[in-house]
Amino acid sequence: MIKFCGYNWLTQERWGNIHPEKSYVWYDESSVIQNSDEEIILLSKYSPKYFEELGVESKMGIGLISCTEKFTYGRFDLDVMLPDLPYSWPAFWMWSWTDWPPELDVFEGYSDNKGSYDVFLWDKLFKKHYNRLENNVHVRENGVKLDFPNKTPKIYDTDLRQEFNKYSVVWKPDVIEFYINDMIVRSIVDKKVLSKFENHEMNVIVNNSLYRQHTSHKNKVGKMIIKNFKYTSL
């Protein structure tokens, strides 16, 4: 258990330290480095560990923190400097304390094979460039999980791996709004989607995971720096 920005956080998921369907990584307490009460470094590093219950050796230890607070409607902010390791999967997200889904992903990043989040994608309809970042909403309808991903517009004049950017979500009964550096990038007003979050308390998580293995992972460490988590009740 650690203290970060006034809240208590576990250094693993509340149900354990390895996901049976993503067993190539595990939640490694030594990959969570606390610089101060307001700043933490989350690592992804080569740290083999054998899990007898799964019969697997997980190669990569990743940093993850899970807040013990049960949050309801409000605004959630976090300043983040993204890792530069190939195939990184950093995320700031939340899911219900009583079920899954629902889930809100304030952001998820997907670095390429060089550790970059830049993507040369031109959307002819909306005329926007994009980063390799997404915000997502996951809900369940009639027993079927529904996903609503959304690419975020490119943040110009900044290297996401060298500078801090603020990622935020405002969650209200009638709208969910996603922000980067206080600029709104998405708004959800679909009543059917919003209703799936009613009466739920959310578990906030920040992690520096990987979505694929890479040869560089044996000798290079990914560093995701986070600071200034803030929750404002609405």
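Descriptive notes on the structure:
- Measuring between alpha carbons in the structure, the pairs from K145/K230; K59/K230; K70/K172; K151/K196; K70/K192 lying more than 25 angstrom apart are K145/K230; K59/K230.
- Along region 45-57 the Karplus relation, 6.51 cos²θ - 1.76 cosθ + 1.60 evaluated at θ = phi - 60°, assigns HN-Hα couplings of 8, 5, 8, x, 8, 8, 10, 4, 5, 9, x, 9, 9 Hz to successive residues, with x for each Gly and Pro.
- Cα gyration tensor shape for region 2-233, rounded if a/c is under 1.5, else prolate or oblate: rounded
- Annotation: amide H-H contacts under 5 Å for R140 (H modelled 1.01 Å from N, sequence separation of 5 or more, or interchain): L146.
- Each Lys and Arg Cβ is given +1 and each Asp and Glu Cβ -1; about its Cα centre, the chain then shows a dipole of about 520 debye.
- Relative to one another, the C-alpha centroids of region 94-113 and region 175-229 are positioned 5 Å apart.
- Of the residues N228, F71, V189, the one whose Cα sits farthest towards the positive end of the charge dipole of the chain is V189 (charges of +1 on Lys and Arg Cβ, -1 on Asp and Glu Cβ, taken about the Cα centre).
- Computed 3J(HN,Hα) for region 28-35, one whole-Hz value per residue from the Karplus formula 6.51 cos²θ - 1.76 cosθ + 1.60 where θ = phi - 60°, is 9, 4, 6, 8, 10, 10, 9, 7, glycine and proline marked x.
- Residues in region 60-67 carry Karplus couplings, in order, of 10, x, 10, x, 9, 10, 10, 6 Hz; the curve used is 6.51 cos²θ - 1.76 cosθ + 1.60 with θ = phi - 60°, and Gly or Pro positions show x.
- Residue list for region 60-95, given a label point 7 angstrom along the Cα-to-Cβ vector of E39 and an amide N cut-off under 13 Å: 79-81
- Per residue of the chain, the DSSP helices (runs of n ≥ 4 H) give a summed -39500 (n - 2.57) that works out to -500 deg cm²/dmol at 222 nm.
No value in this document is a laboratory result; all are computed from the given coordinates. A quick note: this is a predicted structure, and the numbers were derived from the prediction, not measured. Reconstructed Cβ throughout: ideal geometry from the backbone, glycine too, with neighbour counts over all protein chains shown.
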